[in-house]
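Working notes, beginning with the structure itself.
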Amino acid sequence: MAKVITVDVAKCNGCYTCQTVCKDEHVGNDWLPYAKAQPDIGQFWVKLEEHVGGSVPKVRSYYIPKFCNHCEKPACAAACGQSAIYKRGDGLVIIDPAKCTGCGDCLPACPYQSVYLNEDAAICQKCTGCAHLLDAGEKLPRCVEACPTDALGFGEKSDLQDDFITGATVLRPETGCYPQVFYRNIPGIFIAGAVFDPAVMEVIIGARVRATNGGKTWEVVTDDFGDFWFTDLAAGKYDVVIEAKGFAYKTFEKVDATADINLGDIPLSRA
Ligand code: SF4
Ligand code: SF4
Ligand code: SF4
């Protein structure tokens, strides 16, 4: 048995219901033996990360809900000298509030910043996967059950393998923790712009735009509004060349696309 959480970023509308209901479930409530009450402020066992990229009018925003990844090889557990962190038979990683001394060694060990120190209770805390609800016979953790768009899912890893996990990604796989929260549809970087003829102040339709990085080239054509979009690019530096019949080439060298880029309204000089 191995339970996993799934997240379809394309379905998340940023409503914050998951964050809210997690607090409703855990703030002020002890769910022993898995967790003492979450404090009123300062902890987010699920945290919505908002991404806004580009610039007006080419702006995109999306949200990534982040949890403890209930890792296959939890670095938090390896760092705990009290053996207070353990993995349940169903895969959920738990900080035992009875054993935790609040020393904080697990905080920097977690590469996902999923652990919080509760100074008043002198313990470290994080998402429990709502183990108390599962033990009580519920099928889903509170946040998954409450998500109005079905962006969140939960279940047996083997059952979700074909429908979701194949083709999904995990956050920062290089950590070696083997995270068990699986994501789909995290957008890549975009480079966009609009091409126009300043002599007549009209957009140029059908201009060919090429983006090159590391020997690979992507090509798009400007649409009826003179717009072009490269979507889902990997972060990197791209050379962008715009070519339209009757106009001189326009080149942008080493466009730093570590975040979404709007190159703006681009005038082409007549050849
Ligand atoms: S409840 Fe669902 S749709 Fe709303 S923010 Fe969370 S994951 Fe996104
Ligand atoms: S995400 Fe961090 S806290 Fe959660 S199991 Fe992995 S290492 Fe531990
Ligand atoms: S699984 Fe439970 S504890 Fe974890 S974020 Fe969701 S509601 Fe909070």
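Only the coordinates and a few stated rules stand behind these numbers; no lab work does. Keep in mind the model is a prediction, meaning the values are calculated, not measured. For neighbour counting, all protein chains shown are included, and Cβ atoms are generated from backbone atoms with ideal geometry for every residue, glycine included.
Observations
- P(r) tail fraction, the stretch 10-94 - alpha-carbon pairs more than 22 Å apart, %: 44
- Across the alpha-carbon set of the stretch 125-253, the Rg to Rh ratio works out to 1.20, Rh being the Kirkwood radius.
- Protection proxy ranking for 241-252, 177-188, using the average of other Cβ atoms within 10 Å per residue and placing the highest first: 177-188, 241-252.
- When the helices of the chain are scored as -39500 (n - 2.57) per DSSP H run of n ≥ 4 and the total is divided over every residue, the value at 222 nm lands at -2500 deg cm²/dmol.
- FRET efficiency, Asp256 to Thr169 (Cβ-Cβ, R0 35 Å, nearest 0.05): 0.90
- 12 Å beta-carbon shell around Asn13, net charge (K/R +1, D/E -1): -2
- Full-extension gain in nm, Thr101 to Ala10, via 0.36 nm per residue minus C-alpha separation: 28.8 nm
- For Ser269 and Gln19, a Förster radius of 51 Å and the Cβ-Cβ distance give a FRET efficiency of 0.50, rounded to the nearest 0.05.
- For Val27, nonlocal amide neighbours, meaning residues 5 or more places apart or on other chains whose placed amide H falls under 5 Å from its own, are Gln38.
- Summed side-chain charge close to Gln82 - residues other than Gln82 whose Cβ falls under 10 Å, Lys, Arg +1, Asp, Glu -1: -1
- Taking the three principal axes of the alpha carbon atoms in the stretch 1-159, the coordinate ranges are 53, 33, 30 Å, sorted in descending order.
- With Rh defined as the Kirkwood radius, the inverse of the mean 1/r over Cα pairs, the Rg/Rh of the chain is 1.11.
- Degrees between helix 17-26 axis and first principal axis of the chain (Cα, 0 to 90, nearest 10): 10
- Shape of the stretch 44-117, Cα gyration tensor, a/c cut at 1.5: prolate
- Two-site label geometry, Gln113 and Met1: point separation in nm, points 7 Å out along Cα→Cβ: 3.4
- For the chain, share of DSSP beta bridges that run antiparallel, in % to the nearest 5: 85
- Three-way shape call for the stretch 189-267 based on the alpha-carbon gyration tensor, with the a/c threshold at 1.5: prolate
- Length added when fully stretched, Trp218-Asp40, from 0.36 nm per residue minus Cα-Cα: 59.2 nm
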